[in-house]
Amino acid sequence: MIIARAPVRVSFLGGATDYPEFFLKHGGAVIGTAIDKFAYIAVSKRIGQLFEYPIRVSYSKVEQVKSVDEITHGPFRECLKRCEITEDVEINYFANLPAFTGLGSSSTFVVALLQALHAYRGRFIHGIDLAYDAIAMERNVLNENVGCQDQTFAAVGGFNLIEFRSERDIVVNRLPLSPARINEFQEHLMIFFTGVKRRADNIVKKQIDRMDDNKERLKKMLSLVDKGYNILTGNEPIEEFGQLLHLSWLEKKRLEDSISNSDIDFIYETGREAGAIGGKLLGAGAGGFVLLFVPPEKKEAVRERLKGYYELSFRINAPGCQIISNI
């Protein structure tokens, strides 16, 4: 049995500039981190002669089929084809967090699945090459409206500034931070669940369709990446990063009307009233998790004001996709 795991991500600055529709014309970059919440894929041999159905895949549903083409779940079907596995296999998926919550879980699933299937075939796809494989799968085979940061964070992990030049030319810059600086940053982060899970496809498509109209706004969001990098790696107070998050969120909300709503605005503004410096909605919009950047001494006040919402406990700078069992 092969078990692979890959982390989801939290994106801070530069979101939406990781779509080829934008970065191939204007460049793109994000600052973000993998966090210690994972998708897991277990792949094992299934003795086809002993079962009516030689292929079994399990996720929120269970599919038992006689051929790969009969699998209705697109990523399972196409990744099996990509890795040339056509019979006698069982695959199980499980995760720390539900899908459709704005943390890149769909891409994380594909990264973990490809890693596990390649390893099952005796191959290992390392780091950025695994990200390229997942990006090609999602964008070119599954025809998903996705950017390129989620697959990259899932594959390589870490706390990074990532530059996007093309779909096969992505540069990962590890943030050169001391453990004390990383811990200081960590201590300012809070994440609350809106209670809404949603598919991002329609929201992302609207944003892609409006990229030319939003060109200047996206360029402004991109310019905040370098400023954020300088704050994190320099001697500036860490609170200044929270102010950049606030500026970026104000710009992001204007990209498309469906990105935010009254519930999201309530969480964000209530958090700000209680002491948060800035923050943002994670993911494409309309639901999922809200990130708040809060001085440690104000956290309890924010927590009390938002006690009706689930607060996610997490750690940043998590490792990238790994094979954690091969037995």
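Table for the structure above
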{"quantity": "Candidates E90, E63, E52, filtered to the one that is out of contact with any strand residue (DSSP E or B) (no Cβ under 6 Å at 6 or more places or on another chain), outside any helix (DSSP H, G or I) and more than 18 Å from V8 (Cβ to Cβ)", "calculated": "E52"}
{"quantity": "Out of V57, V146, V89, sole residue that is touching a Lys or Arg at 6+ places or on another chain (Cβ under 8 Å) and at pLDDT 95 or above", "calculated": "V89"}
{"quantity": "Any hit, region 230-252, residues being farther than 20 Å from A276 by Cα and in contact (Cβ under 8 Å) with a residue 60 or more places away in the chain", "calculated": "no"}
{"quantity": "Residues of region 269-281 satisfying the condition of being assigned to a loop (DSSP other than H, G, I, E, B) and either buried (at least 24 other Cβ atoms within 10 Å of the Cβ) or of a type in the set (S, T, N, Q) (or both)", "calculated": "A276"}
{"quantity": "Flag for Q115 being within 17 Å of I35 (Cα to Cα) and in contact (Cβ under 8 Å) with a residue 12 or more places away in the chain", "calculated": "no"}
{"quantity": "Considering residues of region 116-156 that are in a helix (DSSP H, G or I) and of a type in the set (F, W, Y) only, the residue surrounded by the fewest Cβ atoms within 10 Å (Cβ to Cβ)", "calculated": "Y132"}
{"quantity": "Check on D36, among the acidic types (D, E) and either surrounded by 19 or more Cβ atoms within 10 Å (Cβ to Cβ) or in contact (Cβ under 8 Å) with a residue 12 or more places away in the chain (or both)", "calculated": "yes"}
{"quantity": "Strands (runs of 3 or more DSSP E) fully within region 157-204 counting 1 or more residues that are closer than 23 Å to A29 by Cβ and in contact with a helix residue (DSSP H, G or I) (Cβ under 8 Å, 6 or more places away or on another chain)", "calculated": "159-166, 169-174"}
{"quantity": "Qualifying positions in region 64-103 - out of contact with any helix residue (DSSP H, G or I) (no Cβ under 6 Å at 6 or more places or on another chain), among the acidic types (D, E) and closer than 30 Å to G157 by Cβ", "calculated": "E84, E90"}
{"quantity": "Flag if F94 is assigned by TED's automatic domain parsing to the domain that holds F153, of a type outside the set (G, A, S) and more than 19 Å from Y40 (Cα to Cα)", "calculated": "no"}
{"quantity": "Hey, R77 part of a strand (DSSP E or B) and at pLDDT 95 or above or not", "calculated": "no"}
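Residues are listed down the side, and each one gets a yes or a no for (1) under 23 Å from G320 (Cβ atoms); (2) buried (at least 17 other Cβ atoms within 10 Å of the Cβ):
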{"residue": "G158", "(1), (2)": "yes, yes"}
{"residue": "L161", "(1), (2)": "yes, yes"}
{"residue": "S166", "(1), (2)": "yes, no"}
{"residue": "D169", "(1), (2)": "yes, no"}
{"residue": "N173", "(1), (2)": "yes, no"}
{"residue": "P176", "(1), (2)": "yes, no"}
{"residue": "A180", "(1), (2)": "no, no"}
{"residue": "G195", "(1), (2)": "no, no"}
{"residue": "D209", "(1), (2)": "no, no"}
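Here's the yes/no breakdown for (1) more than 23 Å from the chain's Cα centre (by Cα); (2) surrounded by fewer than 24 Cβ atoms within 10 Å (Cβ to Cβ); (3) farther than 30 Å from N214 by Cβ:
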{"site": "A4", "(1), (2), (3)": "no, no, yes"}
{"site": "P7", "(1), (2), (3)": "no, no, no"}
{"site": "F12", "(1), (2), (3)": "no, no, no"}
{"site": "I41", "(1), (2), (3)": "no, no, yes"}
{"site": "S44", "(1), (2), (3)": "yes, yes, yes"}
{"site": "L50", "(1), (2), (3)": "yes, yes, yes"}
{"site": "I55", "(1), (2), (3)": "yes, no, yes"}
{"site": "E63", "(1), (2), (3)": "yes, yes, yes"}
{"site": "E70", "(1), (2), (3)": "yes, yes, yes"}
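The values are calculated or read from the model by the stated rules, or taken from the named source; none is laboratory data. What you are looking at is a predicted structure, and each value in this text was computed from that prediction instead of being measured. In this analysis, Cβ positions are derived from the backbone assuming ideal geometry, glycine residues included, and neighbour counts consider all displayed protein chains.
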